[in-house]
Every structure is written in C-alpha cells, then in structure tokens.
1. What is the stretch 63-169's relative contact order, in percent, from Cα pairs under 8 angstrom and six or more apart in sequence?
2. If one computes the Cα centroid of the stretch 105-150 and of the stretch 77-93, what distance in Å separates the two points?
3. What is the extension gain from Arg132 to Glu111, computed as 0.36 nm multiplied by their sequence separation minus the C-alpha to C-alpha distance, in nm to one decimal?
4. List the aspartates and glutamates whose Cα lies under 12 Å from the Cα of Lys164, skipping any in the same chain that are fewer than 8 positions away.
5. Got a sec to turn the phi values of the stretch 33-41 into Karplus ³J(HN,Hα) couplings, 6.51 cos²θ - 1.76 cosθ + 1.60 with θ = phi - 60°, whole Hz, x for Gly and Pro?
6. Hey, can you grab everything whose amide H is under 5 Å from the amide H of Ala145? Only 5+ residues off in sequence or another chain; H modelled, so Pro and N-termini drop out.
7. What number comes out for the charge environment of Val46, summing +1 per Lys or Arg and -1 per Asp or Glu over other residues with Cβ under 14 Å away?
8. Taking the chain as a Gaussian network, where each spring joins two C-alpha atoms under 10 Å apart, which residue of Ile85, Ile30, Ile15 fluctuates the most?
Amino acid sequence: MPPATPPEDLLPHEIAGPLSYWDIPLPYLIAGGVVLLLLLIVLIWVLVAWMQRRKRRPLTPREIALHALRAAHERAQQAVPYEFIIEVCDVLRTFLSAEHLLPATTQTSYEFLQTAKGSEVFNADRLTHLTRFLDKADAVKFARAEASASDNEELLNLAEELVKGGNVDVVAS
C-alpha cells in the first residue's frame, strides 16, 4: 500500500515569529521595569525606616537629664562657674518638673523648697541635698559668691545624685 498523503491542512506551513503581547518598544519596557524596581527599593527603604523609628522609644526625663549632666561633666573644670551653675540648675529644675510634675522651673528656690517639703518625692536626706544644692547655686547666681572648678564638680555631683534618686556624700566646705 502506498503511503497516504496527509490532507492539505496538515501540510507544513511557514512558521511565523513570536507574537507581541504589547505594542511597546523594548527600550521603553526596560526603562519602565527599572523605574518600577527603583520605586520598590525606595518603598522598602521607607518601610524599614518607619518601622525602626516606631520601635525607638522616647527618652525619659531622667535619661535626658543624666545625658546633659554627663556632657556638662566634661566641661566642669574649664567652665566659668556662674554660667556652669546656671546650666546645671536648669537641667535639675527641668528634670524635677518633667519627672515629678513639680513647679521647679516657675518658683524661686525658697518656694520650691517649700513645695518639695510637702511632696512625697523627697525624703529627709534628699531634701537636705536639694537644699544644699539650691543654696550654693543661689549664692553664685544671685550673690555672685566666688566659685571654683571644685564648686562646679560638687554641684554637678549633687545634681546627678538628685536625678538618679540616690543619696549623696557631700563634703562640707
């Protein structure tokens, strides 16, 4: 039997090239892909930065005050006592206002000591240290008493211990 000839519709036809799904030229497709990739990278970067920022907690008033006092400690020996003592007083008063909601920044030293005596924040030892701190600081700030680098150190140590909440060993001068 002779071989059967296939019907005409099954005969090989010329193969056509691939069909294009888009009528957009290739360079435009590549440029668009690069732009999308860059946008994706920026989006990931912004998302990571946002999550890290969200995880950070704000510093407590105690941490802020201790950081400021440590920074002041480096300048204690060279600083002008009057300016240095004002800075340390501001740090301590701001801390007491923020941490314990005491009106330390709006009252005179005498008024603040009266408020501190009535509060539960200060025990007898801490009240003694606060009194010593405010008396020495007021003597320099308002009476322009002579002060030295050792006075800077003493007031700085008093302030640091008051912020930490512990007791202070004060050397009488």
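1. Values: 102 pairs, mean separation 41.9, N = 107.
In percent, rounded to a whole number, it is 39.
2. Their Cα centres are 14 Å away from one another.
3. Working: separation 21, 0.36 × 21 = 7.56 nm, distance 1.48 nm.
Taking Arg132 through Glu111 to full extension adds about 6.1 nm, to one decimal.
4. In chain and number order, the partners are Glu63, Glu99.
5. x, 5, 4, 5, 5, 5, 4, 5, 5
6. Val140
7. Working: positive: Arg53, Arg54; negative: none.
Once all neighbours under 14 Å are counted, the net charge is +2.
8. Greatest mean-square fluctuation among the candidates belongs to Ile15.
Read the figures in this text as sums done on the coordinates, not as results from a lab. Since the model is a prediction, treat every value here as computed from it, not as a measurement. Using ideal geometry, Cβ is built from the backbone for each residue, glycine included, and neighbour counts are taken over all protein chains shown.
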